[in-house]
1. Taking segment 528-676, how much of its Cα-Cα pair set, in percent, is spaced more than 18 angstrom apart?
2. Filter the GluC sites (Glu not before Pro) in segment 35-70 to those in DSSP coil with at most 15 other Cβ atoms within 10 Å of their Cβ, and list the result.
3. Students often forget the sequence filter, so: which aspartates and glutamates lie under 14 Å Cα-Cα from Lys280 once same-chain residues fewer than 8 apart are removed?
4. With 5 Å bins from zero, work out the P(r) of segment 446-575 over every alpha carbon pair and list the percent per bin.
5. Could you give me the ³J(HN,Hα) list for segment 183-189, computed from phi with Karplus coefficients 6.51, -1.76, 1.60 and θ = phi - 60°, whole Hz, x at Gly and Pro?
6. Determine the gain in length on full extension of the stretch Gln301-Val520; use 0.36 nm per residue of separation and subtract their C-alpha separation, reporting nm with one decimal.
7. Efficiency by 1/(1 + (r/R0)^6): what FRET value for Glu292 and Thr377, r their Cβ-Cβ distance, R0 = 41 Å, to the nearest 0.05?
8. Please report Rg (one decimal) and Dmax (integer) in Å for the Cα set of segment 430-505.
Amino acid sequence: MSNEYHDAQPQETAETLPQDKRASAFALLPLITMAEAAMLLDFSPEALVMIDAVGTIVLVNEQAAALFGYSKEELKQRSLEMVLPERFHVAYAAHLLRYVSMPHPQPLGVSLDLVGRRKDDSEFPVDISVRPVLLEQALHVMGAIRDVSTRRRLEQERLQQMEQLVLQSTLINLAHDAIMVRDQISRVLSWNQGAAELYGWSEKEALGRVTYTLLKTRFPVSRAAVDEHLEREVQWEGELVNTHRDGRTVVVESRQVLIRDAQGVPKAILEINRDITQRKRFEQAQTAVHTELLSQYTFLQQLLDILPSSIYVVHGHDARLVMANRAAASIWGAVWPPGQPMRAFLEEHAIRIVDTQENPIAPEGWATMRALLDGETVLQHQEMILRPSRSTMPILVNAVPLSTPHWQSLGVPEHSGYPQSPQSGEPLALVIHQDVSLLKEAEYFKDEFIGIAAHELRQPLTVLKVAVGMLMRQTAQGHGPRLALWQQEMIGDLDVATDRLVHLTDDLLDASRLQAGQLVLHCTSTDLVSLVQRVVTRFQKTTTRHQMTLHADPPTLQATIDPQRIEQVLSNILTNAIKYSPLGGPVHVTLAAFAADNEVEIQVQDKGLGIPRHQQARIFGRFMRADNAQATGISGTGLGLYLCHELVEQHAGRLWFESEEGKGTTFFLRLPLVPPGDVYGILIEEDKEKIKRTRIHREPNRKSKNDAKSF
Ligand code: ADP
């Protein structure tokens, strides 16, 4: 507040006025007596004060005294400075001096902020009009004083309101929302910049126009219903579809408020519209994609449900179910709810996963877990599901690790709201269980049949073999009539054919014994070197086109083995080395001891046909023969290697090979010098039993790359 008394300087000061002008100003002043003045002050409703030329209060009325908080007596004969704040005293004195030198009626405070001081030192704004008078012939000044606190406050409030209004309208215009005020019949009263931008109509163009006509508004319900709601609830919120000046559709989120006057009569409607056109489009596109994906997913689920194999997807380190098809429930014998960890599900239903010998498999060994935790692709793995009813189901498991993008490509959107959408980064696996009970049963019957057939053939074959042998021997010794050459050749052929048949039935019988767990080893301490020597020498006699060598280190080596069975294994490997090197060539046999491991290794190397790479993994399977062997017309049954492998494993040894088609093959046979549990050189019954059991339902041996051997 400025309180500058010197601001009120008259335009012309006493010094600047000519003498005659000053004299005539005095002559014009009203003449008044003290009694008249006192009466005037007493009767006036205004606060009046009369001061002399030096500023002493000569007269003061009740109103003026009350204004400053004094009594009339307290003010009389005191300087007017008493009712002025001290900081104005100097300016006031100068001003008074100037005034009395050129007195004239003057409303003080019209353009000034004058301040009065109350007795209690509080200050208040005043408005003062002064008039010079000649009281008892002497120059006096009469002042009418008005407390203008209320006026000033109102002015201040008005100013603030104005400022606020300016601010509001600036803000309204700054807002991106379209803000408009319309009257009861929807004519635009106010239209901000946001509305102009959103709809393409300027404020000038929009004012007075009916909004819903101008904007071709489409209401979610009827317009009447919106108006009715506004009337009843004072406000309405909803989506409106408007049209831009250029014809574009503009979707807005609209908020409308009914404004009433002090009497409650509806005056106008404030409408704030936010543009959600883009959002709506995006939402619609998203919904379309979502619907499409869901329908794809449903279709996929339907397809999976038709399949007879159990298919499920799990995620996370605890294998929580994402989805499963219908067959899964029938294989488990229980419904696995999505989200439940696999272990909890199995425990809840007392389901166990065991291997083919019904030994429990630790959770980390389950094909599902191997795919999930180790990222391993497990194919054609055999497991058994043991259900509480003790019913056992042999299953073939394929478990494949998936990545989250895989999952998305299946059609289920991540975060789609599906209960178990896996998060990216989490391990994910697809598992397929195939019930192979029927296959197993068929296999069992086949083995039974082979066993019976081989057994029934063995006896007449023995008779045949003995008869042919006797015929040959007797003929050679000259007993009976002399046989023609062709007859002798025929008996020779009969002998070879009978040998082959005996060999085949022996192999079949062995295979069936192995399947039934009835093949028992008869282990004794044997000099392995001389056994190998004997076999090599025997085979060298059968061929002239192959050069057989033996390198044995050490020269003798005792091992606890079943000598007949190991000779059978070695014979089969050497037969193959010769048979599958039809052009002849070297066959190297080496024997080396591995003292540290207490093991011996026999290698048989040929330079023959070799085994095609793509069939190597399955070559130890029953009746398995390589294509190149069959193509060259070399006869065989595909049983020999299977038996060799099983017999070696029965010895707790290992049989494997390295081969390159067209270059040759090397078979490796590793045997422990003393089988486990055979401390005294003789297998105790329990171990035999264990070995027997192990061999009946043997797991595919991964070391021999022979996973699918049994199927
Ligand atoms: P087979 O009676 O057919 O010889 P095996 O079980 O002994 O049966 O051998 C299985 C198959 O392995 C053979 O048919 C042959 O294809 C292949 N094989 C075995 N040994 C050799 C070898 N030394 N060289 C090439 N192929 C071989």
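The values are calculated or read from the model by the stated rules, or taken from the named source; none is laboratory data. Since this is a predicted model, take the numbers as computed values, not measurements. Reconstructed Cβ throughout: ideal geometry from the backbone, glycine too, with neighbour counts over all protein chains shown. Each accessible area value is taken on the protein alone, full model and side chains, heavy atoms only, with ligands, DNA and RNA left out. Shrake-Rupley method; radii C 1.70, N 1.55, O 1.52, S 1.80 Å.
1. Here the long-distance tail beyond 18 Å is 54 percent of all Cα pairs in segment 528-676.
2. Glu46
3. Glu239, Glu253
4. Pair shares across the bins are 2, 9, 13, 14, 15, 16, 14, 10, 5, 2, 0.
5. For segment 183-189, the Karplus curve yields 7, 4, 10, 6, 7, 5, 9 Hz.
6. 73.8 nm
7. About 0.85, to the nearest 0.05.
8. 21.3, 76
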